[in-house]
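To start, the structure itself, in structure tokens.
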């Protein structure tokens, strides 16, 4: 419970903190390690991303910005890609939509959206992924320019449609620290309030914390190394998971 209260405090801090820094016109990332931010692709911008993870899983996705206030995307996951035997494709295609309601000025930017892409296997009997998708969400983001680099803070609430075992609302927080233009360190925290059902072999009742290092190259290509579940909250896993993502960013 104390750990989950920490996530709630992180969310509140992201929304209300006013550190002694000079705010600049910094473009917010459109997602952190996993969770969405209030950042948005501009009109005609798009990205394509592919992530390789544990169990020889591959998750591919793309997104497109429309009119600077609207973003849509789709994704699909497959497991056991680099093993013998048949592939194990997810039963669902992921869809994402995000609308920014407030631009960032002295207050954080605000976006609402929907994302039904979870992480890991999709378990048809339980009607959920290993790590549940965000579902419906609202998120606020604030960007700062400091002597130590650019910092983006994010906090939000969500309700996953994967509610067969636990339909509680959830909270998340994140940070993106861009040390230089080519190098960023990322942090994600998930209170996992909707992953606490008795007898379910997924979460242990604690929080999820993920970290990542992102390297940008040439303004259109990025590489990200993810360290999954630093708190060891996922029951079936035997340790920290590692994932590698390649993404391409461009415009029409």
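The values are calculated or read from the model by the stated rules, or taken from the named source; none is laboratory data. A quick note: this is a predicted structure, and the numbers were derived from the prediction, not measured. Positions of Cβ are backbone-derived with ideal geometry, glycine not excepted, and every protein chain shown enters the neighbour counts.
Cβ-Cβ distance below 8 Å, separation of 6 or more or different chains: which pairs start in region 108-132 with a residue that is on the phi > 0 side of the Ramachandran plot and buried (at least 24 other Cβ atoms within 10 Å of the Cβ) and end on one that is at pLDDT 90 or above and assigned to a loop (DSSP other than H, G, I, E, B)?
none
Go through (1) outside any loop (DSSP other than H, G, I, E, B); (2) under 22 Å from residue 132 (Cβ atoms); (3) modelled with pLDDT under 95 and name the single condition residue 51 misses.
Checking residue 51 against (1) outside any loop (DSSP other than H, G, I, E, B); (2) under 22 Å from residue 132 (Cβ atoms); (3) modelled with pLDDT under 95, the one that fails is (3).
Here is a yes/no grid of residues against (1) touching a helix residue (DSSP H, G or I) at 6+ places or on another chain (Cβ under 9 Å); (2) buried (at least 16 other Cβ atoms within 10 Å of the Cβ); (3) closer than 20 Å to residue 126 by Cα:
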residue	(1), (2), (3)
39	no, yes, no
58	no, yes, no
74	no, no, no
77	no, yes, yes
84	no, no, no
90	no, yes, yes
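Could you please let me know if residue 174 is in contact with a helix residue (DSSP H, G or I) (Cβ under 7 Å, 6 or more places away or on another chain) and crowded, with 16+ Cβ neighbours inside 10 Å?
Answer is no for this residue.
Rundown of residues vs (1) at pLDDT 95 or above; (2) within 19 Å of residue 37 (Cα to Cα); (3) touching a helix residue (DSSP H, G or I) at 6+ places or on another chain (Cβ under 8 Å); (4) not in a strand (DSSP E or B), yes/no style:
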| position | (1), (2), (3), (4) |
| --- | --- |
| 145 | no, yes, no, no |
| 151 | no, yes, no, no |
| 155 | yes, yes, yes, no |
| 164 | no, no, no, yes |
| 186 | yes, yes, no, no |
| 189 | yes, yes, yes, no |
| 193 | no, no, yes, yes |
| 199 | no, no, no, yes |
| 238 | no, no, no, yes |
